[in-house]
Amino acid sequence: MAAVSAVLQSEWTKIRTVSSTVWTLASALIVTVGVGAALSAVFNSTFDDLSTAEKLTFDPTLVSFFGMTLGQLAMVVFGVLVVGTEYSSGMIRTSLAAVPQRATFLFSKIAVAGGLALLVGVVTSFLSFFLGQALLGEHRASIGDENVLRAVFGGGLYMGLIAIFSMGVAAMLRSSMLSLGILMPFFFLVSQILAAVPKAKEVAKYFPDQAGSKIMQVVPDALNTEKAPYGPWGGLGIMLLWVAAALIGGYLVLKKRDA
Amino acid sequence: MIEAVGLTKRYGAKTAVYNLSFQVRPGVVTGFLGPNGSGKSTTMRMILGLDRPTSGHVTIGGHPFRQLPNAPRQVGALLDAKAVHGGRSARSHLLSLAQLAGIPAQRVDEVLGVVGLQDVAKRRSKGFSLGMGQRLGIAAALLGDPQVLLFDEPVNGLDPEGILWVRNLMKKLAAEGRTVFVSSHLMSEMALTADHLIVIGRGQLLADMSVTDFISANSADFARVRTPQTEPAQREKLTTTLTEAGGQVMSEPDGALRVTGLPLPRISDLAHDAGVRLWELSPHQASLEEAYMRLTQGAVDYRSTDDRLAHLQAPLQPGQPGYGMPPQQPTAPEVSQQGWYAPPPPGQNPYAGTPQAPAQSPYAGAPQPPAQSPYATPQPSDTTKDAR
């Protein structure tokens, strides 16, 4: 029985010795912070053009996180590659021959990669917040304001959970290409478009990204967006359910299928 | 010790491995042979717990693989040389595997030296040749100093020096008392490396015996006997004598005799008693490859025999629904010149195969009505006989 600590150490070696880890996580950080900063600056200069409703529900914290819409895609790529390359390279057979306990193998991998994604997510979130607020000028929020710290930490959790969700999906589909082909359009297009379509948006509210991103709102229904039937923590809870479902599905596939 | 009992694996309707039982013992190199698609890799994967058998079970040292305590220290395996993340260096790849089993990092550098990859240890394995990949896979198998080693096609892509090295490595590992199970397509290599053979075909066990037993059981050793070509009578006489003594005598195309069922000294004695001079009396022992071909083709794949005939007939078949012969048929004239047929009508070239040939052919009434050339029909069987 391979010890869990040994598997964790091995997975950490695997993660740190491929360059895709660095470039996916770095792009997640740079894109999120960069786009968030740019949009913060834009909102600051065009604040007067906003409608009254939008002005009333203006949420400077959320604005500084707008870059996550793009940055989360890099997190998806990170999550998919961590699991998917085991299959595409055939390494999975070597790995499973060394760690016949498949649950230990999968969850150690996800613990290491997920932990790293959460860490990078939180760092990204704080950087986005502080840089965004600095550019929002007089409309800025302070980290000490009510619920702001929750939103900033929540932003980090959101990014990490997106990566972990992707790992679960990749474990279910056993293919990097297939997973990316489904997840990228889903998060970038399908989810965003359905959220704007009447009727469909009632369903889209429960998508992992739509629900999870509520944690980043300090002002309820920020910027005059749709009312959600759940609060920030409720939204994160829905996202966690999605993540749990993906992980359980991934585990069952790994357990049942031949490698 | 690897022990398989009634191992069966079905993928849907297809049975990849059926009721396979064998033991791989320590101290010898056991070769694992079988044609492509016979279930070798599936069996190897089941041994390693990667595929779950539909029925039956396989154990290593008495435990199913998945229940082995610290599997990498007990079993080392090379399944696929390319099963490595191409972006990771050879050393990092081995390090990640070493850490799983609590093997110190110094051991990684040690095995890199053993397989001769120390100079490229820091390079990404993406740029490795197949041979370098094999070496990396062998390094991974050796990492935990395991008692049981499985190698799937380890010499694929290796240079002659590498093949020799693998051969000696296998023998050394077995001599140290380890269980070594090697699959290969290279029969000559197996003959030099393996002591024991397990042969499967279409997922079923065909043979489980030592290499020497396997060769003698699955090949027809024969003696080649040649009498002076100038004296056909002597050949006739010897044939009769040998047949009367209980041997089977077949004629080879060049006039030599192929004798089975009689030892060489006895053949010599019989020839001497009959007053027949011999120009050649040589033993012919089948190679492992011949024995293997015989076993896997004869016992399993009956279609192979048909295929062989089809191959020999192939030059005759194009555009020929009946028995006709295409015009430029290089072998046919030689055959018919041996006096199989009556001479063609004057002025007719029987080998031209011209369209008017059937009408003018003297063989028009023969039982092959559409035949454009009558020489085609006997020719294949004749050639086949010669080839045999």
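Every read-out reported here was derived from the displayed coordinates using simple, explicitly stated rules and does not represent laboratory data. Every value quoted in this text rests on a predicted model; they were computed, and no experiment measured them. Neighbour counts run over all protein chains shown; Cβ positions are idealised from the backbone, glycine included.
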Kirkwood hydrodynamic radius of the stretch A:32-185, from inverse mean 1/r over distinct Cα pairs, in Å: 16.9
Debye log10 I(q)/I(0) for chain A, one point scatterer per Cα, at q = 0.07, 0.08 Å⁻¹: -0.25, -0.33
222 nm mean residue ellipticity, helices alone, for chain A (DSSP H n ≥ 4; -39,500 (n - 2.57); rounded to 500): -23500 deg cm²/dmol
Average beta-carbon neighbours from other chains, 10 Å sphere, peptide B:66-72: 5
Per-selection Rg to Rh, the protein assembly as shown - Cα, Kirkwood hydrodynamic radius: 1.20
Proximal charge balance of A:T46 [Cβ under 12 Å; K/R count +1, D/E count -1]: -2
Sequence-distant residues sharing a close amide H with B:L197 (under 5 Å, placed H): B:G31, B:M209, B:S210, B:V211
Cα-projected label distance for B:Q248 with B:N168, points at 7 Å along beta-carbon direction, nm: 4.3
Acute angle (nearest 10 degrees) that the helix A:232-256 long axis makes with the longest principal axis of chain A, alpha-carbon atoms: 20
Cα-based helix-to-principal-axis angle, A:4-16 vs chain A, degrees rounded to 10: 60
Euclidean distance between Cα centres, the stretch B:138-170 to the stretch A:187-259, Å: 50
Exposure proxy order (Cβ contacts within 10 Å, fewest to most) of B:D208, B:D159: B:D159, B:D208
Inter-site label distance for A:K199 and B:K237 at 7 Å from Cα along Cβ, in nm: 10.6
Per principal axis, descending, Cα span of the stretch B:222-284 in whole Å: 26, 24, 16
Those lysines that a straight Cα-Cα span of less than 23 Å connects to A:K109, excepting residues fewer than 8 apart in one chain: A:K14, A:K255, A:K256, B:K82, B:K126
